[in-house]
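Each remark here refers to the structure printed beneath this line.
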Amino acid sequence: MELDAKIYVAGHKGMVGSAVVRALKEKGYTRIVWRDSKELDLTQQSEVVDFFEKEQPDYVFLAAAKVGGIEANNSLRAEFLYENLMIQNNVIHQSYKYKVKKLLFFASSCIFPKYAPQPLKEDYLLTGALEPTNEPYAIAKIAGIKLCENYNRQYGCNFISVMPSNLYGPNDNYDLKHSHVLPALLRKFHEAKQGNLARVEVWGSGRPKREFLHVDDLAQASLHLMETYAGNVFVNIGTGEDLSIKALAELIQNIVGYKGEMIWNTDKPDGTPRKLLDVSLIHSLGWSHEMDLEEGIERVYREKFIDV
Ligand SMILES: NC(=O)c1ccc[n+]([C@@H]2O[C@H](COP(=O)([O-])OP(=O)(O)OC[C@H]3O[C@@H](n4cnc5c(N)ncnc54)[C@H](OP(=O)(O)O)[C@@H]3O)[C@@H](O)[C@H]2O)c1
(Lines give C-alpha, C1' and ligand atoms only; values in the text may rest on other atoms or scores of the structure.)
Protein backbone atom coordinates (compact mmCIF):
# COMPACT_ATOMS: atom_id res chain seq x y z
CA MET A 1 0.00 0.00 0.00
CA GLU A 2 1.42 3.36 -1.05
CA LEU A 3 1.59 5.85 1.84
CA ASP A 4 -0.63 8.29 -0.07
CA ALA A 5 -3.23 5.67 -1.07
CA LYS A 6 -6.82 6.28 -0.02
CA ILE A 7 -7.75 3.66 2.57
CA TYR A 8 -11.31 3.06 3.77
CA VAL A 9 -11.58 1.52 7.24
CA ALA A 10 -15.17 0.28 7.63
CA GLY A 11 -16.01 0.08 11.34
CA HIS A 12 -13.34 2.60 12.42
CA LYS A 13 -14.96 3.21 15.82
CA GLY A 14 -14.99 -0.47 16.75
CA MET A 15 -12.26 -2.34 18.57
CA VAL A 16 -10.68 -3.76 15.39
CA GLY A 17 -11.27 -0.80 13.07
CA SER A 18 -9.87 1.71 15.57
CA ALA A 19 -6.76 -0.45 16.05
CA VAL A 20 -6.28 -0.57 12.25
CA VAL A 21 -6.59 3.24 12.09
CA ARG A 22 -3.99 3.62 14.89
CA ALA A 23 -1.61 1.25 13.10
CA LEU A 24 -2.07 2.97 9.72
CA LYS A 25 -1.43 6.41 11.25
CA GLU A 26 1.66 5.11 13.05
CA LYS A 27 3.05 3.86 9.74
CA GLY A 28 2.48 7.22 8.07
CA TYR A 29 -0.67 6.61 6.00
CA THR A 30 -2.43 9.94 5.61
CA ARG A 31 -5.53 9.42 3.46
CA ILE A 32 -7.70 7.28 5.70
CA VAL A 33 -11.46 7.63 5.20
CA TRP A 34 -14.29 6.43 7.40
CA ARG A 35 -17.94 6.94 8.28
CA ASP A 36 -19.77 5.84 11.39
CA SER A 37 -22.97 3.82 11.09
CA LYS A 38 -25.17 6.92 11.53
CA GLU A 39 -23.56 8.63 8.52
CA LEU A 40 -23.39 5.46 6.42
CA ASP A 41 -25.49 2.40 7.20
CA LEU A 42 -23.61 -0.36 5.44
CA THR A 43 -26.70 -2.58 5.36
CA GLN A 44 -28.21 -0.11 2.84
CA GLN A 45 -27.01 -0.79 -0.68
CA SER A 46 -27.77 2.68 -2.12
CA GLU A 47 -25.84 4.42 0.68
CA VAL A 48 -22.83 2.18 0.08
CA VAL A 49 -22.94 2.82 -3.68
CA ASP A 50 -23.03 6.60 -3.06
CA PHE A 51 -20.10 6.35 -0.65
CA PHE A 52 -17.90 4.39 -3.09
CA GLU A 53 -18.84 6.74 -5.94
CA LYS A 54 -17.77 9.73 -3.84
CA GLU A 55 -14.65 8.37 -2.12
CA GLN A 56 -13.30 5.75 -4.62
CA PRO A 57 -10.94 4.15 -2.07
CA ASP A 58 -7.83 2.27 -3.21
CA TYR A 59 -7.81 -0.15 -0.26
CA VAL A 60 -10.51 -1.36 2.13
CA PHE A 61 -10.34 -2.89 5.62
CA LEU A 62 -13.77 -4.40 6.30
CA ALA A 63 -14.04 -4.37 10.11
CA ALA A 64 -17.70 -3.29 10.30
CA ALA A 65 -19.97 -6.02 11.59
CA LYS A 66 -22.62 -6.80 14.13
CA VAL A 67 -20.54 -8.39 16.88
CA GLY A 68 -21.26 -9.77 20.34
CA GLY A 69 -20.65 -12.47 22.92
CA ILE A 70 -22.41 -15.79 23.34
CA GLU A 71 -25.65 -14.32 24.74
CA ALA A 72 -26.07 -11.74 21.97
CA ASN A 73 -25.17 -14.25 19.25
CA ASN A 74 -27.68 -16.74 20.58
CA SER A 75 -30.59 -14.38 21.15
CA LEU A 76 -30.26 -11.92 18.22
CA ARG A 77 -29.89 -14.73 15.70
CA ALA A 78 -31.75 -13.18 12.78
CA GLU A 79 -30.07 -9.79 13.24
CA PHE A 80 -26.59 -11.33 13.33
CA LEU A 81 -27.22 -13.23 10.12
CA TYR A 82 -29.06 -10.51 8.19
CA GLU A 83 -26.96 -7.47 9.10
CA ASN A 84 -23.60 -9.18 8.63
CA LEU A 85 -24.60 -10.59 5.25
CA MET A 86 -25.86 -7.19 4.10
CA ILE A 87 -22.75 -5.29 5.28
CA GLN A 88 -20.38 -7.76 3.59
CA ASN A 89 -22.35 -8.07 0.37
CA ASN A 90 -22.54 -4.32 -0.03
CA VAL A 91 -18.92 -3.49 0.80
CA ILE A 92 -17.35 -6.42 -1.07
CA HIS A 93 -19.49 -5.98 -4.18
CA GLN A 94 -18.89 -2.21 -4.39
CA SER A 95 -15.17 -2.80 -3.82
CA TYR A 96 -15.26 -4.94 -6.95
CA LYS A 97 -17.37 -2.42 -8.88
CA TYR A 98 -15.13 0.51 -7.94
CA LYS A 99 -11.90 -1.41 -8.63
CA VAL A 100 -10.51 -1.41 -5.11
CA LYS A 101 -6.89 -2.65 -5.38
CA LYS A 102 -7.11 -4.83 -2.30
CA LEU A 103 -9.61 -5.57 0.46
CA LEU A 104 -9.11 -7.30 3.79
CA PHE A 105 -12.15 -8.94 5.41
CA PHE A 106 -12.19 -9.77 9.12
CA ALA A 107 -13.78 -13.15 9.79
CA SER A 108 -13.84 -14.85 13.19
CA SER A 109 -12.61 -18.15 14.66
CA CYS A 110 -16.16 -19.18 15.66
CA ILE A 111 -16.71 -20.25 12.07
CA PHE A 112 -14.72 -23.47 12.46
CA PRO A 113 -16.69 -26.67 13.09
CA LYS A 114 -17.53 -27.20 16.78
CA TYR A 115 -15.56 -30.44 17.07
CA ALA A 116 -12.74 -29.74 14.62
CA PRO A 117 -9.32 -31.10 15.65
CA GLN A 118 -7.12 -28.62 17.53
CA PRO A 119 -5.22 -26.51 16.73
CA LEU A 120 -7.53 -25.26 13.98
CA LYS A 121 -5.91 -25.27 10.57
CA GLU A 122 -7.30 -23.02 7.84
CA ASP A 123 -8.42 -26.01 5.77
CA TYR A 124 -10.77 -27.32 8.50
CA LEU A 125 -13.38 -24.79 7.35
CA LEU A 126 -16.65 -26.48 6.27
CA THR A 127 -15.63 -29.93 7.48
CA GLY A 128 -18.31 -30.29 10.20
CA ALA A 129 -21.29 -28.83 12.06
CA LEU A 130 -20.98 -25.40 13.67
CA GLU A 131 -21.47 -24.43 17.33
CA PRO A 132 -25.28 -23.85 17.49
CA THR A 133 -25.11 -20.72 19.71
CA ASN A 134 -23.29 -18.70 17.05
CA GLU A 135 -24.30 -20.51 13.89
CA PRO A 136 -26.02 -17.50 12.23
CA TYR A 137 -22.97 -15.28 12.76
CA ALA A 138 -20.65 -18.03 11.55
CA ILE A 139 -22.72 -18.63 8.40
CA ALA A 140 -22.51 -14.91 7.57
CA LYS A 141 -18.74 -14.87 8.12
CA ILE A 142 -18.25 -18.00 5.99
CA ALA A 143 -20.25 -16.28 3.24
CA GLY A 144 -17.90 -13.27 3.52
CA ILE A 145 -14.82 -15.45 3.11
CA LYS A 146 -16.42 -17.17 0.12
CA LEU A 147 -17.34 -13.83 -1.43
CA CYS A 148 -13.71 -12.71 -1.25
CA GLU A 149 -12.47 -16.02 -2.64
CA ASN A 150 -14.95 -16.10 -5.51
CA TYR A 151 -14.61 -12.42 -6.50
CA ASN A 152 -10.91 -13.25 -6.83
CA ARG A 153 -11.66 -16.35 -8.90
CA GLN A 154 -14.30 -14.86 -11.19
CA TYR A 155 -13.22 -11.22 -11.47
CA GLY A 156 -9.50 -11.32 -10.62
CA CYS A 157 -9.95 -9.18 -7.48
CA ASN A 158 -7.37 -9.13 -4.69
CA PHE A 159 -9.57 -9.67 -1.64
CA ILE A 160 -8.14 -11.49 1.38
CA SER A 161 -9.72 -12.75 4.60
CA VAL A 162 -8.24 -13.14 8.05
CA MET A 163 -9.40 -15.22 10.97
CA PRO A 164 -8.51 -13.56 14.28
CA SER A 165 -8.74 -15.45 17.56
CA ASN A 166 -10.58 -13.86 20.52
CA LEU A 167 -9.53 -10.25 20.76
CA TYR A 168 -9.20 -7.78 23.59
CA GLY A 169 -7.92 -4.21 23.80
CA PRO A 170 -9.02 -0.56 23.64
CA ASN A 171 -12.64 0.12 22.57
CA ASP A 172 -13.83 -3.33 23.63
CA ASN A 173 -17.48 -3.82 24.64
CA TYR A 174 -17.96 -3.95 28.44
CA ASP A 175 -21.75 -4.30 28.43
CA LEU A 176 -22.25 -7.46 30.51
CA LYS A 177 -25.11 -8.78 28.38
CA HIS A 178 -23.35 -8.40 25.04
CA SER A 179 -19.63 -8.55 25.78
CA HIS A 180 -17.03 -11.28 25.26
CA VAL A 181 -15.61 -13.21 28.18
CA LEU A 182 -12.41 -11.24 28.85
CA PRO A 183 -13.91 -7.72 29.14
CA ALA A 184 -16.91 -9.15 31.03
CA LEU A 185 -14.58 -10.72 33.63
CA LEU A 186 -12.50 -7.55 33.95
CA ARG A 187 -15.62 -5.51 34.62
CA LYS A 188 -17.15 -8.03 37.05
CA PHE A 189 -13.99 -8.36 39.14
CA HIS A 190 -13.35 -4.62 39.10
CA GLU A 191 -16.89 -3.81 40.23
CA ALA A 192 -16.80 -6.55 42.86
CA LYS A 193 -13.56 -5.11 44.23
CA GLN A 194 -14.94 -1.56 44.24
CA GLY A 195 -18.17 -2.70 45.91
CA ASN A 196 -16.43 -5.05 48.40
CA LEU A 197 -18.61 -7.93 47.17
CA ALA A 198 -18.03 -11.35 48.73
CA ARG A 199 -18.45 -13.29 45.49
CA VAL A 200 -18.47 -12.94 41.72
CA GLU A 201 -20.59 -15.08 39.42
CA VAL A 202 -18.81 -16.37 36.32
CA TRP A 203 -20.70 -17.95 33.42
CA GLY A 204 -20.26 -21.59 32.42
CA SER A 205 -18.07 -24.34 33.86
CA GLY A 206 -14.69 -22.66 33.38
CA ARG A 207 -13.49 -25.70 31.42
CA PRO A 208 -13.52 -24.44 27.82
CA LYS A 209 -10.17 -23.25 26.53
CA ARG A 210 -9.66 -20.05 24.58
CA GLU A 211 -6.87 -18.11 22.90
CA PHE A 212 -6.64 -14.31 23.23
CA LEU A 213 -4.87 -11.77 21.04
CA HIS A 214 -4.37 -8.07 21.75
CA VAL A 215 -6.09 -6.07 19.01
CA ASP A 216 -2.95 -3.99 18.35
CA ASP A 217 -1.18 -7.24 17.42
CA LEU A 218 -4.07 -8.06 15.08
CA ALA A 219 -3.80 -4.63 13.43
CA GLN A 220 -0.05 -5.13 12.86
CA ALA A 221 -0.71 -8.57 11.36
CA SER A 222 -3.44 -7.16 9.09
CA LEU A 223 -1.17 -4.44 7.73
CA HIS A 224 1.58 -7.00 7.22
CA LEU A 225 -0.79 -9.22 5.19
CA MET A 226 -2.19 -6.27 3.25
CA GLU A 227 1.37 -5.44 2.22
CA THR A 228 2.69 -8.95 1.59
CA TYR A 229 -0.04 -11.55 1.04
CA ALA A 230 -2.40 -12.38 -1.80
CA GLY A 231 -4.39 -15.60 -2.00
CA ASN A 232 -7.71 -17.36 -1.67
CA VAL A 233 -6.80 -19.10 1.58
CA PHE A 234 -7.83 -17.06 4.61
CA VAL A 235 -5.15 -16.61 7.27
CA ASN A 236 -5.47 -17.44 10.98
CA ILE A 237 -4.16 -14.69 13.27
CA GLY A 238 -3.53 -15.62 16.87
CA THR A 239 -0.90 -16.38 19.46
CA GLY A 240 -1.07 -20.16 19.08
CA GLU A 241 -1.46 -20.46 22.90
CA ASP A 242 -4.65 -20.97 24.90
CA LEU A 243 -5.79 -21.27 28.51
CA SER A 244 -8.97 -22.41 30.30
CA ILE A 245 -11.64 -19.85 31.18
CA LYS A 246 -10.95 -20.77 34.82
CA ALA A 247 -7.25 -19.91 34.41
CA LEU A 248 -8.24 -16.68 32.63
CA ALA A 249 -10.63 -15.76 35.45
CA GLU A 250 -7.90 -16.40 38.03
CA LEU A 251 -5.41 -14.31 36.06
CA ILE A 252 -7.88 -11.41 35.87
CA GLN A 253 -8.80 -11.79 39.54
CA ASN A 254 -5.09 -11.41 40.40
CA ILE A 255 -4.54 -8.45 38.07
CA VAL A 256 -7.58 -6.66 39.51
CA GLY A 257 -6.62 -7.67 43.07
CA TYR A 258 -10.07 -9.03 44.01
CA LYS A 259 -9.96 -11.18 47.15
CA GLY A 260 -13.51 -12.62 47.18
CA GLU A 261 -14.89 -15.93 45.93
CA MET A 262 -15.67 -17.03 42.36
CA ILE A 263 -18.97 -18.89 41.72
CA TRP A 264 -19.44 -20.77 38.44
CA ASN A 265 -22.97 -20.55 36.98
CA THR A 266 -23.19 -23.79 35.00
CA ASP A 267 -26.73 -22.92 33.78
CA LYS A 268 -25.02 -20.61 31.30
CA PRO A 269 -23.70 -22.21 28.09
CA ASP A 270 -20.02 -23.03 27.66
CA GLY A 271 -19.89 -22.74 23.88
CA THR A 272 -17.22 -24.60 21.90
CA PRO A 273 -14.93 -26.69 24.17
CA ARG A 274 -11.71 -25.43 22.63
CA LYS A 275 -10.73 -22.89 19.98
CA LEU A 276 -7.01 -22.74 19.37
CA LEU A 277 -5.78 -21.48 16.02
CA ASP A 278 -2.95 -23.11 14.11
CA VAL A 279 -0.76 -20.11 13.35
CA SER A 280 1.90 -21.82 11.25
CA LEU A 281 0.72 -20.12 8.04
CA ILE A 282 1.01 -16.56 9.41
CA HIS A 283 4.35 -17.44 11.05
CA SER A 284 5.59 -18.68 7.67
CA LEU A 285 4.43 -15.35 6.19
CA GLY A 286 6.77 -13.51 8.54
CA TRP A 287 4.54 -12.35 11.41
CA SER A 288 4.11 -13.43 15.03
CA HIS A 289 2.44 -11.75 18.00
CA GLU A 290 4.32 -9.48 20.40
CA MET A 291 2.10 -8.91 23.42
CA ASP A 292 2.04 -11.44 26.22
CA LEU A 293 -1.47 -12.07 27.67
CA GLU A 294 -0.75 -10.96 31.23
CA GLU A 295 0.96 -7.77 30.05
CA GLY A 296 -1.90 -7.10 27.62
CA ILE A 297 -4.62 -7.55 30.26
CA GLU A 298 -2.73 -5.35 32.73
CA ARG A 299 -2.50 -2.66 30.07
CA VAL A 300 -6.19 -2.87 29.17
CA TYR A 301 -7.21 -2.86 32.85
CA ARG A 302 -5.11 0.25 33.52
CA GLU A 303 -6.43 2.05 30.43
CA LYS A 304 -10.08 1.24 31.04
CA PHE A 305 -10.50 1.26 34.82
CA ILE A 306 -7.51 2.91 36.53
CA ASP A 307 -6.05 5.76 34.42
CA VAL A 308 -9.44 7.32 33.68
N1 LIG B 1 -13.90 -8.77 18.98
C2 LIG B 1 -13.37 -9.96 18.74
O3 LIG B 1 -12.97 -10.71 19.65
C4 LIG B 1 -13.23 -10.44 17.34
C5 LIG B 1 -12.61 -11.66 17.16
C6 LIG B 1 -12.47 -12.15 15.88
C7 LIG B 1 -12.95 -11.41 14.82
N8 LIG B 1 -13.53 -10.21 15.02
C9 LIG B 1 -14.06 -9.53 13.83
O10 LIG B 1 -13.57 -8.22 13.71
C11 LIG B 1 -14.59 -7.38 13.16
C12 LIG B 1 -14.78 -6.16 14.02
O13 LIG B 1 -15.07 -6.55 15.34
P14 LIG B 1 -15.01 -5.51 16.57
O15 LIG B 1 -14.78 -6.32 17.77
O16 LIG B 1 -14.14 -4.38 16.23
O17 LIG B 1 -16.53 -5.02 16.62
P18 LIG B 1 -17.12 -3.68 17.26
O19 LIG B 1 -16.20 -3.10 18.25
O20 LIG B 1 -18.53 -4.02 17.68
O21 LIG B 1 -17.20 -2.69 16.02
C22 LIG B 1 -18.04 -2.95 14.96
C23 LIG B 1 -18.07 -1.75 14.06
O24 LIG B 1 -18.97 -2.05 13.00
C25 LIG B 1 -19.72 -0.90 12.73
N26 LIG B 1 -21.04 -1.27 12.22
C27 LIG B 1 -21.90 -2.19 12.69
N28 LIG B 1 -23.03 -2.19 11.98
C29 LIG B 1 -22.88 -1.24 11.01
C30 LIG B 1 -23.69 -0.76 9.96
N31 LIG B 1 -24.92 -1.26 9.74
N32 LIG B 1 -23.21 0.22 9.18
C33 LIG B 1 -21.97 0.74 9.39
N34 LIG B 1 -21.15 0.33 10.35
C35 LIG B 1 -21.60 -0.66 11.16
C36 LIG B 1 -19.87 -0.15 14.03
O37 LIG B 1 -20.00 1.21 13.71
P38 LIG B 1 -20.58 2.34 14.72
O39 LIG B 1 -19.71 2.28 15.94
O40 LIG B 1 -20.44 3.59 13.97
O41 LIG B 1 -22.00 1.95 15.01
C42 LIG B 1 -18.54 -0.47 14.72
O43 LIG B 1 -17.60 0.54 14.44
C44 LIG B 1 -15.85 -8.24 13.05
O45 LIG B 1 -15.98 -8.68 11.74
C46 LIG B 1 -15.56 -9.41 13.93
O47 LIG B 1 -16.16 -10.59 13.48
C48 LIG B 1 -13.69 -9.70 16.26
Exercise for the section: Assign unit charges at the C-beta atoms only (+1 for Lys and Arg, -1 for Asp and Glu), then state the dipole size of the range 129-259 relative to its Cα centre in Debye, rounded to the nearest 20. Expected result: 420
Handout entry: Spatial separation of Cα centroids for the range 5-67 and the range 219-297, in angstrom
Key = 25
Practice task
Answer with one residue from Tyr115, Ala247, Ser75: the one whose Cα lies farthest towards the positive end of the charge dipole of the chain, charges on Cβ with Lys, Arg +1 and Asp, Glu -1.
Solution key: Ser75
Exercise for the section: For the chain, give the percent of accessible area contributed by carbon and sulfur heavy atoms, probe 1.4 Å, rounded to a whole number. Expected result: 48
Completion exercise
Rounded to the angstrom and largest first, Cα extents along the principal axes for the chain equal 58, 43, 38
Exercise for the section: Find how much the distance from Asn196 to Leu285 grows on full extension, using 0.36 nm per residue of separation minus their present alpha carbon separation; answer in nm with one decimal. Expected result: 27.2 nm
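Report for the chain the percent antiparallel among DSSP-assigned beta bridges with both residues inside it, nearest 5. Kindly include the intermediate steps, with their values, before the conclusion.
Numbers: 2 of 31 bridges.
That works out to approximately 5 percent antiparallel.
Please give the length that would be gained between Lys99 and Val33 if that part of the chain were fully extended, namely 0.36 nm times their separation in residues minus their C-alpha to C-alpha distance (nm, one decimal). Mind dumping the intermediate values first?
Details: separation 66, 0.36 × 66 = 23.76 nm, distance 1.65 nm.
Full extension of this stretch gives 22.1 nm more.
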Practice task
Scan the range 218-289 for chymotrypsin sites (Phe, Trp or Tyr not before Pro) in coil per DSSP, keeping those whose Cβ has at most 14 other Cβ atoms within 10 Å, and list them by number.
Solution key: none
Handout entry: Gaussian network model of the chain, Cα within-10 Å springs - most flexible of Ala116, Ala221, Ala19
Key = Ala116
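What FRET efficiency comes out for the pair Thr266/Leu176, r = Cβ-Cβ distance, R0 = 25 Å, nearest 0.05? Present the calculation step by step, with values, prior to reporting the outcome.
Numbers: r = 18 Å, r/R0 = 0.72.
Result of the calculation: an efficiency of 0.90.
Too long at a 29 Å Cα-Cα cut-off: which of Lys13/Lys275; Lys38/Lys177; Lys25/Lys246; Lys268/Lys304?
On the way: Lys13/Lys275 27 Å; Lys38/Lys177 23 Å; Lys25/Lys246 37 Å; Lys268/Lys304 26 Å.
In this structure, Lys25/Lys246 lie more than 29 Å apart at Cα.
Calculate the dipole size of the range 1-95 relative to its Cα centre from +1 charges on Lys and Arg beta carbons and -1 charges on Asp and Glu beta carbons; express the result in debye to the nearest 20.
That gives a dipole near 300 debye.
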Fill in the blank from the handout: Restricting to Cα pairs under 8 Å and 6 or more apart, the percent relative contact order of the range 77-223 works out to 25
Handout entry: Label-point gap, in nm, between Asp292 and Arg22 - each point 7 angstrom along Cα→Cβ
Key = 2.0
Completion exercise
For the chain, dividing by residue count, accessible area per residue (probe 1.4 Å) in Å² works out to 45
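The values are calculated or read from the model by the stated rules, or taken from the named source; none is laboratory data. In this text, all values refer to a predicted model and were calculated from it rather than measured experimentally. For neighbour counting, all protein chains shown are included, and Cβ atoms are generated from backbone atoms with ideal geometry for every residue, glycine included. Please note that ligands, DNA and RNA were not included when accessible areas were found on the heavy atoms of the full protein model with its side chains. Shrake-Rupley method; radii C 1.70, N 1.55, O 1.52, S 1.80 Å.
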